[in-house]
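Colleague: Below are the C-alpha cells for one structure; questions will follow.
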Amino acid sequence: MENFFYVQPVPIDFGVGKLNTLPDILKGSNLKNGILISAPSMVRNGIAQKIIDQSEGRITTLFSDIQPNPTVHNTDACADMIREHQCEFAIALGGGSIIDCAKVACFVAKTPYPTADFFSRKRPINKPGIPMIAIPTTSGTASEITTVSVLTDTENDIKAPIGSDYFYPMYALVDPELTVTCPPAVTATSGIDVLAHSLEAYYGKKHQPLTDLAAERAASLVFEYLLTAYHEPDNLEARAKMSEASVTAGMAFNLTQTAAAHACSYPLTQDFDIPHGEACAFTLPSFWKLNSQSGPEAERLHAFSQRLGFKDAEELADRIDEMKKEMGLRTTLEEVGVKTEDDLDHLVANSFAPNMMNNPVTITKESLKALYSQLK
C-alpha cells in the first residue's frame, strides 16, 4: 500500500486580468510599507510603476538590480534595501530569477547575516522572512509556489538550489496577460523548462499519485500549446495554457524535486552560458529514453507517453528534440560550446548536483559521459 503526503500552502489566484485585483489583495491583507522587487523589463514597460501607483502608498520602494541567473550579491543588495527601508512585505514581479532572488532576500533581510552563510549551509534557515506576493511574468519556473530558489555564488563558482518551507510566498497572483511581452527566446526556454519540471517530477524517486496527476497535465499542455505561444506571442489562449502548465508543473516538482536533467543544467548555465530552461532541455530527451529503457519507472514512462498520444517513450523524446529545433534551441555538444574532451570531462564532473540522485536509474560518470557523447 502506498503512503504519501501532499501540501501546497500558497494560494494560487489565476486568470487573465488578475493583476488588477492586486490593490484589493493588499487592502485585504492590511500590508503597508512594501518593496516591489521587479524585472528591469517590467520597469521599462511601465507595469512596475502602474503597480506602485495602484498601491495607494503601500509600496514605498523599488529594487530591480537582478541579473538573469541571480547571485548571492543580488540577494544581499535586495535584502539591504528591505532592511534600510524597514519594509514589511514584498511583491516580486518577474520571471524565475526575480522571484528566486526575492524569496531569499525576504528571508535574509530578517537576519543580520549575508546570503552566503545560508547558501553554504553554514547557518540554518529557521524562521520566516517578510511576507511576499509573487507575480510571475514568464511561464517557466513556478517559483511563485515552490520552496526553492536557484542562486549563484560567483566567488566560489557554485550554482545550486537553496530551499526551505520559509521561502513559500504568501500568495501567487498568476496573470497570463503578463507573459504576452515575453520575447520568443524567453517563451522557448521557459516553456521547455516546464516540460523538464513535469517529466522529471513524473519519474523522480519521490513521485506520488497527486504529483503524477499534476505532472501529466502540465506535460500535455506544453506539447499542445508551447509552439503556438512561441509562433503567436499574442495568442492569449496559448499563453494562458502555458501559464497553467507552469504552475501545475510546480505543484508536482515542488514535492518531488527535479532530477538528472536539472543537475546537468547547472554547469551548462554556469560554465557555458546556456539559459536555464535550454540547459535543462539539453539532456531531457536522453534521460527520458534512458529511464524508459531500464529501471523501475520504464513501464510507467511508456504508458505516460502513450496517454499523451505518442507511440512510445522514444517518440515522446524525439518530439522534444523536434520542438527544440523549431524554436532554435541547441541540441548538440558543439552548439552549447563543449568542443574538446577536456570540456566534456569538465561538464560531466560538474553535473553531479544532489538532484542527480533523484533519477530512478543510477547515473555514474561513465554512463553520463556516454549519454553526453551521443549528443554530437
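Colleague: Could you please find all residues in the stretch 1-33 being within 30 Å of GLN208 (Cβ to Cβ) and of a type in the set (D, E, K, R)?
Modeller: Hits for the stretch 1-33 are GLU2, ASP13, LYS18.
Colleague: Next question, about the same structure. How do the pairs read when you match residues in the stretch 85-113 that are part of a loop (DSSP other than H, G, I, E, B) with residues anywhere that are of a type outside the set (A, V, I, L, M) and surrounded by 24 or more Cβ atoms within 10 Å (Cβ to Cβ), using Cβ under 6 Å and keeping only pairs 6 or more apart or on different chains?
Modeller: Close Cβ pairs satisfying both conditions: CYS87/GLY34; GLY95/THR137; GLY95/THR138.
Colleague: Now for a different question. Restricting attention to the stretch 78-94, does a residue exist that is open to solvent by 10 Å² or more (accessible area, probe 1.4 Å) and at pLDDT below 95?
Modeller: No, the stretch 78-94 has no match at all.
Condition check ((1) crowded, with 19+ Cβ neighbours inside 10 Å; (2) within 20 Å of LEU199 (Cβ to Cβ)) across all residues:
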| site | (1), (2) |
| --- | --- |
| ALA317 | yes, yes |
| LYS324 | yes, yes |
| MET327 | yes, yes |
| THR332 | no, no |
| HIS346 | no, no |
| ASN350 | no, no |
| MET357 | no, yes |
| LYS365 | no, no |
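Colleague: Testing ASP175 on (1) surrounded by 24 or more Cβ atoms within 10 Å (Cβ to Cβ); (2) under 23 Å from ALA229 (Cα atoms); (3) in contact with a Phe, Trp or Tyr (Cβ under 9 Å, 6 or more places away or on another chain), one condition comes back false. Which one is that?
Modeller: (1)
Colleague: Take the residues in the stretch 131-160 that are under 14 Å from HIS276 (Cβ atoms) and among the small types (Gly, Ala, Ser); name whichever of them is farthest from the chain's Cα centre (by Cα).
Modeller: ALA160
Colleague: Suppose we filter the stretch 270-289 for residues that are in a helix (DSSP H, G or I) and surrounded by 22 or more Cβ atoms within 10 Å (Cβ to Cβ); how many remain?
Modeller: Start the filter on the stretch 270-289 by keeping residues that are in a helix (DSSP H, G or I), which leaves 270-272, 276-289.
Retained after the next criterion (residues that are surrounded by 22 or more Cβ atoms within 10 Å (Cβ to Cβ)): 276-285, 287-288.
Of the residues in that region, 12 qualify.
Colleague: Find all pairs meeting these conditions: Cβ atoms under 8 angstrom apart; at least six residues apart or on different chains; first residue within the stretch 290-314 and under 17 Å from ALA215 (Cα atoms); second residue surrounded by fewer than 13 Cβ atoms within 10 Å (Cβ to Cβ) and not β-branched (Val, Ile, Thr).
Modeller: Taking only residues 6 or more apart or on different chains, the pairs are SER305/LYS311.
Colleague: Of all the helices (runs of 4 or more DSSP H) wholly in the stretch 1-65, which have at least 1 residues that are open to solvent by less than 40 Å² (accessible area, probe 1.4 Å) and in contact with an Asp or Glu (Cβ under 9 Å, 6 or more places away or on another chain)?
Modeller: Of the helices (runs of 4 or more DSSP H) lying wholly inside the stretch 1-65, those with at least 1 residues that are open to solvent by less than 40 Å² (accessible area, probe 1.4 Å) and in contact with an Asp or Glu (Cβ under 9 Å, 6 or more places away or on another chain) span 22-29.
Colleague: Next up: Go through the stretch 148-170 residue by residue and tally those that are modelled with pLDDT of 95 or more and outside any helix (DSSP H, G or I). Before the answer, list the steps.
Modeller: So in the stretch 148-170, the residues modelled with pLDDT of 95 or more come out as 164-170.
Okay, now just the ones that are also outside any helix (DSSP H, G or I), so 164, 168-170.
Selection size over the stretch 148-170: 4.
The values are calculated or read from the model by the stated rules, or taken from the named source; none is laboratory data. Just so we're clear, the structure is a prediction, and the values are computed from it rather than from any experiment. We place every Cβ from the backbone using ideal geometry, glycine too, and count neighbours over all the protein chains shown. With ligands, DNA and RNA removed, areas are computed over all heavy atoms of the protein, side chains included. Shrake-Rupley method; radii C 1.70, N 1.55, O 1.52, S 1.80 Å.
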